[in-house]
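The values are calculated or read from the model by the stated rules, or taken from the named source; none is laboratory data. Values in this document were obtained by computation on a predicted structure and should not be read as measured data. Here the Cβ positions follow ideal geometry from the backbone for every residue, glycine too, while neighbour counts run over all protein chains shown. Accessible surface is based on the protein model in full, side chains and every heavy atom, while ligands, DNA and RNA are left aside. Shrake-Rupley method; radii C 1.70, N 1.55, O 1.52, S 1.80 Å.
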Amino acid sequence: MKKQPEQTKATRQKLIDAFWSIYKIKDLNKIAIGEITKAAEFNRSTFYEYFLDIYDILFQIEDELLENIKTDMEITFSNGFPNSIQEFSLLCSRVFRKYDDRLFLLMGSSGDPKFKVKLQNIFLNIFKNIAGIYDKIPNYDYVIAFIYSAMIGLMEQWYENGKDLSEEKFVCMLQKLIATGVIGFSDIPLFIS
């Protein structure tokens, strides 16, 4: 007798939730399938109905997350590139904030390094295809890579700092750094005399 689709989806999600609860506190290579199934209250054979191994569950989660981010970014920027860097930064941070803990865990030191590359490629392709400015900006790939790297780096730091700044202050700082670089922060010595 086959399981109902709702039950199958719920079982898979329960295994994923159990994986996340363990992955938050343990390196991937130290997680055992038995831990996941025990936390999810299933047997090992149930795990294997949905996933090949620990890496497969992580890769499936990453793929789903990337697809969701891609869809959200496409919807967010469907009307083209925003009028200001501040609006651009705010819209991006809202998309990323939606996936908060999972996104930053995957991007962090215990995450898969390939995940960051895949996320950057999604980001670059969206702005290449949707923003409609690819042909208008010299060295577009470099400009977008710089904006992406700055934005992701700052968001990772903000997350690591426990989001110690309000979203408005964070976006304002992000906008200032993208627009003026570190020179915009005049109290930072850039050159040693």
Inset, instruction - Kindly express, to the nearest 10 degrees and within the range 0 to 90, the angle between helix 140-160's C-alpha long axis and the longest C-alpha principal axis of the chain. - result: 60 degrees
Inset, instruction - Provide Phe146, Phe59, Phe19 ordered by accessible surface of protein heavy atoms (probe 1.4 Å), highest first. - result: Phe146, Phe59, Phe19
Inset, instruction - Provide, as a two-decimal number, the C-alpha radius of gyration of the stretch 1-44 over 2.2 N^0.38 Å, N being how many residues it has. - result: 1.25
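When only C-alpha pairs under 8 Å and at least 6 residues apart count, what is the relative contact order of the chain, in percent?
Numbers: 115 pairs, mean separation 34.6, N = 193.
Rounded, it is 18 percent for the chain.
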Legend entry - Full-extension gain in nm, Asp100 to Asn83, via 0.36 nm per residue minus C-alpha separation: 3.6 nm
Inset, instruction - Please give the net charge around Tyr99, taking every other residue with its beta carbon less than 12 angstrom from that of Tyr99, where Lys and Arg add +1 and Asp and Glu add -1. - result: -1
Inset, instruction - Any chance you could check the Cα centroid distance between the stretch 91-110 and the stretch 142-180 for me, in angstrom? - result: 13 Å
Inset, instruction - Two decimals is fine: what is log10 I(q)/I(0) at q = 0.13, 0.19, 0.23, 0.31 Å⁻¹ for the stretch 83-125, from a Debye sum with one equal scatterer on every Cα and no solvent? - result: -0.33, -0.65, -0.86, -1.07
Inset, instruction - Within the set of other residues whose C-beta is less than 12 Å from the C-beta of Asp72, count the net charge using Lys and Arg as +1 and Asp and Glu as -1. - result: +2
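Hey, how much of the P(r) for the chain falls beyond 24 Å, as a percent of Cα pairs? Each step should come with its number before you reach the end.
Working: 9268 of 18528 pairs.
Result for the distance tail: 50 percent.
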Legend entry - Semi-axes of the equivalent ellipsoid for the stretch 18-70, Cα gyration tensor, largest first, Å: 19, 13, 9
Legend entry - Label-point gap, in nm, between Glu6 and Asn29 - each point 7 angstrom along Cα→Cβ: 4.3 nm
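Mind checking the per residue accessible area of the chain for me, 1.4 Å probe, whole number of Å²?
Numbers: 11680 Å² over 193 residues.
Computed with neighbouring chains in place, this is 61 Å² per residue.
If we count every other residue with Cβ under 10 angstrom of Thr46's Cβ, Lys/Arg +1 and Asp/Glu -1, where does the sum land? Show your work: numbers first, answer last.
Values: positive: Arg12, Lys14, Arg44; negative: Glu41, Glu49.
Taking every other residue near Thr46 into account, the sum is +1.
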Inset, instruction - Tell me the label-point distance for the pair Thr76, Glu156, using the 7 Å Cα-to-Cβ offset, in nm and rounded to one decimal. - result: 1.8 nm
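Summing -39500 (n - 2.57) over the DSSP H runs of n ≥ 4 in the chain and dividing by its residue number, what mean residue ellipticity at 222 nm do you reach, to the nearest 500 deg cm²/dmol? Each step should come with its number before you reach the end.
Numbers: 9 runs with 131 residues, N = 193.
Rounded to the nearest 500, it is -22000 deg cm²/dmol.
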Legend entry - In nm, spacing of pseudo-spin labels at Asn68 and Val143 (7 Å Cα→C-beta vector): 3.2 nm
Inset, instruction - Could you please state how large a percent of the accessible area of the stretch 41-181 is carbon and sulfur, counting protein chains only and using a 1.4 Å probe? - result: 52 percent
Legend entry - Accessible heavy-atom area order of Cys92, Cys172, highest first, probe of 1.4 Å: Cys172, Cys92
Inset, instruction - Could you pull the accessible area for Tyr55 with a 1.4 Å probe, rounded to 10 Å²? - result: 110 Å²
